[in-house]
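The values are calculated or read from the model by the stated rules, or taken from the named source; none is laboratory data. Because the structure is predicted, anything quoted here is derived from the model rather than measured. Backbone-built Cβ (ideal geometry, glycine too); neighbour counts: all protein chains shown.
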Amino acid sequence: MPTCADAMCKIAHMDATTPRADDLLMLLAVARTGTYSAAAQVRGVDHTTVARRIAALEDALGGRVVAQSGRGWELTALGRHASETAGRIEAALSQLAAGGEEPDPVAGVVRMSATDGFSAFIAAPAIARLRQRHPELTVEIVAAQRRAALHRPGLDLEVVVGQPQTSRGTTVELGSYTLGMYASRAYLAAHGSPRDMDELQQHRLVYFVDAMLQVEALDLPRRVVPRMRDGVTSTNVLVQVEATRAGAGIGMLPCFAADRHDDLVRLLPELVTERLPYWMIVRADAMRIPAVAALADALREQTARSRAMLDGVG
């Protein structure tokens, strides 16, 4: 017959091997932010407390839940399993806070990355419409022009230009958009309107900073207008549009960003028309989160709804 001492030993063993809910929620914060310092801010503690909680969780689970890389802290396979459990705990706590009512599963924080043009003209209206139905949802948009990285810390999904070279996760082609050459009416009045490719390449180009361009699909001027010299370059499409409007040169711009300005004129569309695809990449584990799946659907729907705008015909 078990003695009191035996029962106490079992309780002590259970305490040592059973993960604490607070430690699991701390892991969830690290998974979402990618760093201990950012997770500390989210949870209202200091950096050392985060490290101590993660170490305690690893002791309880008997393995590493995070691994450090050049991009921050990334979840291991064990960590991804634990973070899913943490998500269910967070949902249960939200249900209690709501007075026991069944909470909206499309809630919480989702973080995405996309190009600045897609972020402004596709993601922003898609998210606004989605939040009308799910007001407890928060979406964080990191605007960046870069290659896809399934294991970039803190991101649930990414939208990139060009087909991603990866077989991991869920990849979906959302659609494509058109680029063309534009100049302001004032610029053309002062410098003349180019009548052919030779005349076009005598002007200065407004486009991306070549040395900082990470996306091969956007290296268009070296192929389309190789003799055009740079005028103003920027990593931000909206800056390129405004520089072109101000007369800094001729911009190679997304039609959906340029066509909304009456002071810009598209040049030689029969000669310079480029189409580039948008691809969405979602981590396999993230697609099981209702909020992430809902955002992915909303982005697909908004891209389809905006087809004419992206094509440069509306």
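Looking across P290, P277, one residue alone is under 24 Å from Q163 (Cβ atoms) and not hydroxyl-bearing (S, T, Y). It is P277. Which residues, taken from region 14-67, are of a type in the set (K, R) and either at pLDDT below 85 or within 25 Å of the chain's Cα centre (by Cα) (or both)? Within region 14-67, R32, R43 qualify.
Just one residue in the set A296, A308, A291 is hydrophobic (A, V, I, L, M, F, W, C) and either outside any helix (DSSP H, G or I) or out of contact with any strand residue (DSSP E or B) (no Cβ under 6 Å at 6 or more places or on another chain) (or both); that residue is A308.
Taking region 231-257, which residues are assigned to a loop (DSSP other than H, G, I, E, B), surrounded by 16 or more Cβ atoms within 10 Å (Cβ to Cβ) and among the hydrophobic types (A, V, I, L, M, F, W, C)? Hit for region 231-257 is A248, nothing else. Tell me, yes or no, whether region 110-131 has at least one residue that is at pLDDT 90 or above, assigned by TED's automatic domain parsing to the domain that holds G175 and over 30 Å from V241 (Cβ atoms). Looking through region 110-131, none of the residues is at pLDDT 90 or above, assigned by TED's automatic domain parsing to the domain that holds G175 and over 30 Å from V241 (Cβ atoms). Is one or more of the residues making up region 278-300 more than 23 Å from the chain's Cα centre (by Cα) and in the same structural domain as A124 (by TED's automatic domain parsing)? The answer is no; no qualifying residue exists.
Within region 111-139, the set of residues being within 19 Å of V172 (Cα to Cα) and not in a helix (DSSP H, G or I) comprises R111, M112, S113, A114, T115.
Here is the figure for region 193-239: residues that are modelled with pLDDT under 85, closer than 19 Å to T273 by Cα and of a type outside the set (D, E, K, R) total 5.
Checked against the criterion of being in contact (Cβ under 8 Å) with a residue 60 or more places away in the chain, touching a Phe, Trp or Tyr at 6+ places or on another chain (Cβ under 9 Å), in a loop (DSSP other than H, G, I, E, B) and of a type outside the set (K, R), region 264-274 has no qualifying residue. Checking each residue in region 192-212 for being more than 11 Å from L268 (Cβ to Cβ), of a type in the set (A, V, I, L, M) and not in a loop (DSSP other than H, G, I, E, B) picks out L205, V206, A211, M212. Which one is surrounded by the fewest Cβ atoms within 10 Å (Cβ to Cβ) among residues in region 258-270 that are over 11 Å from T178 (Cβ atoms) and within 30 Å of the chain's Cα centre (by Cα)? So, considering only residues that are over 11 Å from T178 (Cβ atoms) and within 30 Å of the chain's Cα centre (by Cα), the one surrounded by the fewest Cβ atoms within 10 Å (Cβ to Cβ) is R260. Of all the criteria given as (1) small (G, A, S); (2) more than 30 Å from R80 (Cα to Cα); (3) out of contact with any Cys (no Cβ under 6 Å at 6 or more places or on another chain); (4) in contact (Cβ under 8 Å) with a residue 60 or more places away in the chain, the one not satisfied by A308 is (4).
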